[in-house]
1. Just to be sure before I move on: is THR380 within 12 Å of the ligand (Cβ to nearest atom), open to solvent by less than 30 Å² (accessible area, probe 1.4 Å) and modelled with pLDDT under 95 in the structure I sent?
2. Within segment 284-301, can you find the residues that are closer than 16 Å to MET382 by Cβ and of a type in the set (A, V, I, L, M, F, W, C)?
3. Looking at the structure I just gave you, is ASP301 open to solvent by 50 Å² or more (accessible area, probe 1.4 Å) and either touching a Pro at 6+ places or on another chain (Cβ under 9 Å) or within 13 Å of the ligand (Cβ to nearest atom) (or both)?
4. I need the full set of residues from segment 1-39 which are open to solvent by 70 Å² or more (accessible area, probe 1.4 Å), over 23 Å from VAL386 (Cα atoms) and free of Cβ contacts under 8 Å to residues at least 40 places away in the same chain, in order please.
5. Looking at LEU166, LEU199, LEU151, LEU132, which is the one that is part of a strand (DSSP E or B) and crowded, with 23+ Cβ neighbours inside 10 Å?
6. Assuming TRP296 fulfils every condition listed in (1) within 16 Å of the ligand (Cβ to nearest atom); (2) under 25 Å from VAL429 (Cα atoms); (3) out of contact with any strand residue (DSSP E or B) (no Cβ under 7 Å at 6 or more places or on another chain) apart from one, which condition is it?
7. LEU437 fails exactly one of the following numbered conditions: (1) more than 25 Å from ALA147 (Cα to Cα); (2) assigned to a loop (DSSP other than H, G, I, E, B); (3) touching a Gly at 6+ places or on another chain (Cβ under 8 Å). What is the number of that condition?
8. Examine segment 405-421 for a residue that is more than 23 Å from THR9 (Cβ to Cβ), among the small types (Gly, Ala, Ser) and out of contact with any helix residue (DSSP H, G or I) (no Cβ under 9 Å at 6 or more places or on another chain), and state whether such a residue exists.
Amino acid sequence: MADRYLHLTGTAPGKFLTRKLGLPQPTRLRRWTLETPALTGPVLHLTAGDSAVTRELAAILTATGLEVTARADRPAALVLDATAVDTAAGLAAVHAALHPVVRSLAPGGRVVVLGVRPSPDDHHQAAAQQALEGFVRSLGKEIGKGATAQLVRVAPGAVASAESTLRFLLSPRSAYVSGQVIEVTDAAPDEVADWAAPLAGRTALVTGAARGIGASVASVLARDGARVVCLDIPQAQEDLVRTADRLGATALPLDITAEDAAERIAAAVPDGLDILVHNAGITRDRRLANMPAERWTSVIDVNLDSVLRTTDALLKAGTLNRGGRIVATASIAGIAGNNGQTNYAASKAGIIGLVRSLAPRAAAGHGVTVNAVAPGFIETKMTAAVPLFIREAGRRMNSLSQGGLPVDVAETTAWFAQPASTAVNGQVVRVCGQSLLGA
Ligand SMILES: NC(=O)c1ccc[n+]([C@@H]2O[C@H](COP(=O)([O-])OP(=O)(O)OC[C@H]3O[C@@H](n4cnc5c(N)ncnc54)[C@H](O)[C@@H]3O)[C@@H](O)[C@H]2O)c1
């Protein structure tokens, strides 16, 4: 379903009228295209206090191919290194760095603040670093014009491990990601031969790939160079084959809840799997008082239990190669809860539990990372079926005043999937335009 309001506010009379009425003013987001794969404009590299990583950060920013400068009239991005801020008084440097330049940020620009993990041993440092979270989340809400703001916590001395994350955030690929706090460990990233095809030589399997978000994930992983296997239920075979054929991918008609799902997946990837995307999901909404057990069980089974079962079996069988990536699909409903979705929200919150618990062990035992995307309101058949007023509220109740597109979830998945994202592990990143729900 097209977002007609977004179209209206893009016209001069529409803009005038909606402004007069005090209605939301969404800016059409610029996503990745072959012609414009990067932000257009320089990155302003700012520092709060005496940072120990200034040179290292400058080198990474320069490696992105963007022009890095200390002064610009219309920067496309503001990167503030706040890793050295460790007292409440030190926060003044955050204000001093960004206050004079924030207004000059180009429409659709990016603000990325670099911090470190709040310390369990130093409550002054912890207060100052936690303060950055509130700061960034508020900035994301007020900045407007399609701009976004994030906090990236780096491990001391390991800014290089954040390169894939900085590249993602400082690109059109992260257009619908805002207000996020991303922690990056000190794990060394794998070499990337070609940043334009970072998944070359990798094999990916995407569940629920016949349509919607899954089809887009398959398409973006293929664009980034992966060999893709598209899995969906046999009833969706026609769409599945069409999607797979379009991408030069393999179709695997299979119900992910089947007893032998993991064996069938393993058989389809004789050289093992590098990227496993658990995207298949269903809703069976009813308030708890009206919900038969079958609705509860089917949602938990597809959205959570099958993810646990196949993940365990594929890890145990060694089907996931070292350096592998598991990306699961949560939802903001799993964070905020939602009326009529006790089953769905339980299943999606369960995904978050799985990711946080398994990530360190999967990395230590198998060299595999485990992360989740948590989509907000994404324009798909699922959300087109939502009644008009609820749909309109879902679309607008976020900092970017619009719904996301399947490709936004796909781009975030592709960033998790990169060989260079070894240090991104156990993260739940919302792709929700900084939805007010559960914020
Ligand atoms: N659309 C949104 O706004 C939104 C928001 C938050 C989370 N999500 C999640 O994103 C994922 C994709 O959502 P979507 O909007 O593209 O949904 P969709 O209904 O368009 O697509 C889901 C796909 O999963 C497949 N599937 C369902 N059960 C399966 C099974 N047992 N085995 C294999 N495949 C199965 C379906 O056939 C379908 O092709 C889901 O996990 C969903 O919960 C979506």
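The values are calculated or read from the model by the stated rules, or taken from the named source; none is laboratory data. Just so we're clear, the structure is a prediction, and the values are computed from it rather than from any experiment. Because the Cβ atoms are built from the backbone with ideal geometry, glycine has one as well, and the counts that use them run over all protein chains shown. Ligands, DNA and RNA are excluded from the accessible area calculation, which covers all protein heavy atoms including side chains. Shrake-Rupley method; radii C 1.70, N 1.55, O 1.52, S 1.80 Å.
1. yes
2. VAL299
3. Spelling it out, it is not the case that ASP301 is open to solvent by 50 Å² or more (accessible area, probe 1.4 Å) and either touching a Pro at 6+ places or on another chain (Cβ under 9 Å) or within 13 Å of the ligand (Cβ to nearest atom) (or both).
4. Selection gives ALA12, PRO13, LYS15, PHE16, LEU17, ARG19, LYS20, LEU21, LEU34, GLU35.
5. None of the others qualify; the one that does is LEU151.
6. Condition not satisfied by TRP296: (2).
7. (1)
8. no
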